[in-house]
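Student: Before I ask anything, let me first share the structure, which is written out below as structure tokens.
The values are calculated or read from the model by the stated rules, or taken from the named source; none is laboratory data. What you see is a predicted model, and the numbers here were worked out from it, not measured in a lab. Methodologically, a virtual Cβ is constructed for each residue, glycine included, from the backbone with ideal geometry; neighbour enumeration extends over all protein chains shown. Ligands, DNA and RNA are stripped out before the accessible areas are found, and what is left, the full protein with its side chains, is counted by its heavy atoms. Shrake-Rupley method; radii C 1.70, N 1.55, O 1.52, S 1.80 Å.
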Amino acid sequence: MNKRAKIMALKYTVYALILLMLYVLQTDPYFLNIAHIKPVLVLPFAICIAMFDSQLAGGLFGAFAGILCDTSSSVLFGFQSILYLIICTMVGLLVLHFMQPSVINSLIFVGSGLAVCLFLEYFFYYLMWGYENHSLVLLNHQLPVLVYTLVFTPLIFWMTRKLHRFFGKKIEE
């Protein structure tokens, strides 16, 4: 294996380990828990990977993040995997053709992507079945999760950008 392939393998291994670590932190019942609301940490990281690397890497890490989230959620297995795969691939394509990786764009991508996921979950699991006071789920759980996730998105963006630049420099050496 040449030097570039070794560095790329190391880069994606580090990304996978960080994604696993973020998943563990996301599912820890006491970490970042405010009034039973916890942020989604793996989707912003997968979106940032899609912004910096490529739509293929972003899509694969999005699917991986979705599978991890599916294992700990009450939704149908594969629901988040497919959504995260589509969202991260679309973000990668948008950044490739139209937009630049920036903190503002990451907030837009994470906010809109997570809003779509949370609204679809709300629609298919609460609204469609006609539960009483289903709007309380949206107002008291889904929207606070979205806002809380957006608070951590810039930190994840800067971490991913720093890692991307570090491995880019190693490849150029």
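Student: At 0.36 nm per residue, minus the direct Cα-Cα distance, what do Ile67 and Phe166 gain on full extension? Give it in nm, one decimal, please.
Tutor: Length difference between fully extended and current span is 32.9 nm.
Student: Also, quick follow-up: Determine how many Å³ per residue the convex hull of the Cα atoms of the stretch 1-140 encloses.
Tutor: For the stretch 1-140, the hull spanned by Cα atoms encloses 125 Å³ per residue.
Student: Using only the alpha-carbon atoms, how far is helix 143-172 inclined from the longest principal axis of the chain? Give it as 0 to 90 degrees, nearest 10.
Tutor: Its long axis makes an angle of about 10 degrees.
Student: A follow-up question, please. How long are the three semi-axes of the equivalent ellipsoid for the stretch 46-108, computed from the Cα gyration tensor as the root of 5 times each eigenvalue, in whole Å, largest first?
Tutor: On the way: eigenvalues 103, 22, 14 Å².
Output for the stretch 46-108: semi-axes of 23, 11, 8 Å.
Student: About its Cα centre, how strong a charge dipole does the chain have in debye, to the nearest 20, once Lys and Arg get +1 and Asp and Glu get -1 at the Cβ? Before the final figure, lay out each step's value.
Tutor: On the way: 10 positive and 7 negative charges, 172 e Å.
Rounded to the nearest 20 debye, it is 820 debye.
Student: Calculate the FRET efficiency for Val75 and Ile37 from the Cβ-Cβ distance with a Förster distance of 22 Å, rounded to the nearest 0.05.
Tutor: Computed FRET efficiency for Val75 and Ile37 comes out at 0.80.
Student: For the stretch 111-173, compute Rg over Rh where Rg is the Cα radius of gyration and Rh is the Kirkwood radius from the inverse mean 1/r over Cα pairs.
Tutor: Values: Rg = 18.0 Å, Rh = 14.0 Å.
On the Cα set of the stretch 111-173, Rg over Rh gives 1.29.
Student: Let me know the number of lysine pairs in the chain closer than 20 Å at the Cα, not counting same-chain pairs under 8 apart.
Tutor: Here the count comes out as 10.
Student: Ignoring ligands, DNA and RNA, what percent of the 1.4 Å accessible area of the stretch 7-74 is carbon and sulfur?
Tutor: Working: 2190 of 2930 Å².
Carbon with sulfur: 75 percent of the solvent-accessible area.
Student: Roughly how many Å² is the accessible area per residue of the chain, as a whole number, for a 1.4 Å probe?
Tutor: Heavy-atom SASA per residue in the chain reads 55 Å².
Student: Shifting gears a bit: Can you tally the net charge around Leu76? Count Lys and Arg as +1, Asp and Glu as -1, for every other residue whose Cβ sits under 14 Å from the Cβ of Leu76.
Tutor: Here the count lands on -2.
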